[in-house]
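Quick notes on the structure that follows.
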Amino acid sequence: MRLNAYLARTGVASRRGADELIKRGRVRVNGVTAGLNTFVEEGDVVDLDGKLLVPQALAYVLLHKPPGVVTTALDPQGRPIVVDLVKHESRVLPVGRLDADTTGALLLTNDGELAHRLAFDLRLVDLLHLVAWVREPSDEALERLAEGIELDDGPTAPAQVRRLAPSRVELSIHEGRKHQVKRMLEAVGHPVTRLHRSRYAGLTTEGVDLGRWRELTDDEVESLRELTRRT
């Protein structure tokens, strides 16, 4: 296992944070200062500033994210963060991110390898959103969304679009650019008033109250692993 993934499993930092700890020379493996390319094998002893590090048990959590909460493990501005909503014995971190005002399904885990695959290969995952419109969208607007929209950072891939109600549509995308759905809707003349992710990688918020969380079942975890084996 790569060292940064091992450190993430111990709960001391995310993978990115672990890289910073390694760069600063604070991590040793078997008494030797480690580098970014260091791998940890069974029986190796890893310490941070002299403190022994032991991996936590793997944990997988689905949070029904409420509005006004930032999808991060640390916010310099002191805003509420999603990890504080999940009182779990293992330190779990969010997979990907939702805007602060967006609600819905958010996966948190300490399985760094799985999280990396899900977050950075969005072809694996349908990101389903429920969107509230200021006014009823035309069929032409929905067709433009389905075909792909030209944004300032390039064209979007075609989206699956379904009208749920006069002022509510569901979009399925395989991309995760910053504020992408909001920008797509603004581009067709329909700014978002509310955005909700109803499903992520087959996981839904059904039965989970806003601001609450639950453990994933063994079958759900296996489904996630199977999803990442398809490529």
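The values are calculated or read from the model by the stated rules, or taken from the named source; none is laboratory data. Everything numeric in this text was worked out from a predicted model, so none of it was measured. Note that each Cβ is placed from the backbone with ideal geometry, even for glycine, and that neighbours are counted across all protein chains shown. Each accessible area value is taken on the protein alone, full model and side chains, heavy atoms only, with ligands, DNA and RNA left out. Shrake-Rupley method; radii C 1.70, N 1.55, O 1.52, S 1.80 Å.
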Quick one: count up the residues across segment 191-231 that are open to solvent by 90 Å² or more (accessible area, probe 1.4 Å), at pLDDT 95 or above and farther than 25 Å from ASP99 by Cα.
2
Counting only residues that are surrounded by 13 or more Cβ atoms within 10 Å (Cβ to Cβ) and closer than 19 Å to THR193 by Cα, segment 138-161 contains a total of 4
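Look at THR102 and say whether it is of a type outside the set (A, V, I, L, M, F, W, C), farther than 30 Å from VAL208 by Cβ and either crowded, with 18+ Cβ neighbours inside 10 Å or touching a residue at least 40 places away in the same chain (Cβ under 8 Å) (or both). Don't jump to the end; show me each part of the working.
Numbers: of a type outside the set (A, V, I, L, M, F, W, C): yes; farther than 30 Å from VAL208 by Cβ: no; either crowded, with 18+ Cβ neighbours inside 10 Å or touching a residue at least 40 places away in the same chain (Cβ under 8 Å) (or both): yes.
When the stated conditions are applied, THR102 does not pass them.
For segment 58-80, which positions are within 20 Å of THR10 (Cβ to Cβ), in contact with a strand residue (DSSP E or B) (Cβ under 6 Å, 6 or more places away or on another chain), without any contact (Cβ under 8 Å) to a residue 60 or more places away in the chain and aliphatic (A, V, I, L, M)? Steps first, please.
Taking segment 58-80 as the starting set, the residues that turn out to be within 20 Å of THR10 (Cβ to Cβ) are 58-61, 72-74.
With in contact with a strand residue (DSSP E or B) (Cβ under 6 Å, 6 or more places away or on another chain) added as a condition, the list becomes 60-61, 72-73.
Within this subset, residues satisfying the condition of being without any contact (Cβ under 8 Å) to a residue 60 or more places away in the chain are 72-73.
Answer for segment 58-80, where residues must be within 20 Å of THR10 (Cβ to Cβ), in contact with a strand residue (DSSP E or B) (Cβ under 6 Å, 6 or more places away or on another chain), without any contact (Cβ under 8 Å) to a residue 60 or more places away in the chain and aliphatic (A, V, I, L, M): just ALA73.
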Looking at segment 41-99, which of its residues are under 21 Å from LEU203 (Cβ atoms) and among the β-branched types (Val, Ile, Thr)?
VAL61, VAL69, VAL70, THR71, THR72, ILE81, VAL82, VAL83, VAL86, VAL92, VAL95
Go through segment 72-108 and give me each residue that's small (Gly, Ala, Ser) and either assigned to a strand (DSSP E or B) or within 11 Å of the chain's Cα centre (by Cα) (or both).
GLY96, GLY104, ALA105
Return a yes/no flag: does segment 22-36 have any residue that is within 21 Å of the chain's Cα centre (by Cα) and among the basic types (Lys, Arg).
no
Of the residues in segment 12-41, those that are assigned to a loop (DSSP other than H, G, I, E, B), basic (Lys, Arg) and either touching a residue at least 12 places away in the same chain (Cβ under 8 Å) or open to solvent by less than 40 Å² (accessible area, probe 1.4 Å) (or both) come to ARG26
Answer yes or no as to whether VAL69 is surrounded by 17 or more Cβ atoms within 10 Å (Cβ to Cβ) and touching a Pro at 6+ places or on another chain (Cβ under 7 Å).
yes
Residues of segment 42-71 being more than 26 Å from LEU107 (Cβ to Cβ), part of a loop (DSSP other than H, G, I, E, B) and of a type in the set (Val, Ile, Thr), which ones?
VAL45
When you scan segment 1-11, how many residues do you find that are open to solvent by less than 40 Å² (accessible area, probe 1.4 Å), touching a residue at least 60 places away in the same chain (Cβ under 8 Å) and in contact with a helix residue (DSSP H, G or I) (Cβ under 7 Å, 6 or more places away or on another chain)?
3
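Can you pull out every residue in segment 166-186 that is open to solvent by less than 30 Å² (accessible area, probe 1.4 Å) and assigned to a strand (DSSP E or B)? Reasoning before the result, please.
The first filter runs over segment 166-186 and keeps only residues open to solvent by less than 30 Å² (accessible area, probe 1.4 Å), leaving 169, 171-173, 180-181, 184-185.
Once the filter is applied, which keeps residues that are open to solvent by less than 30 Å² (accessible area, probe 1.4 Å) and assigned to a strand (DSSP E or B), segment 166-186 yields VAL169, LEU171, SER172, ILE173.
Taking segment 109-119, which residues are part of a loop (DSSP other than H, G, I, E, B) and open to solvent by 10 Å² or more (accessible area, probe 1.4 Å)?
Passing the criteria: only ASP111.
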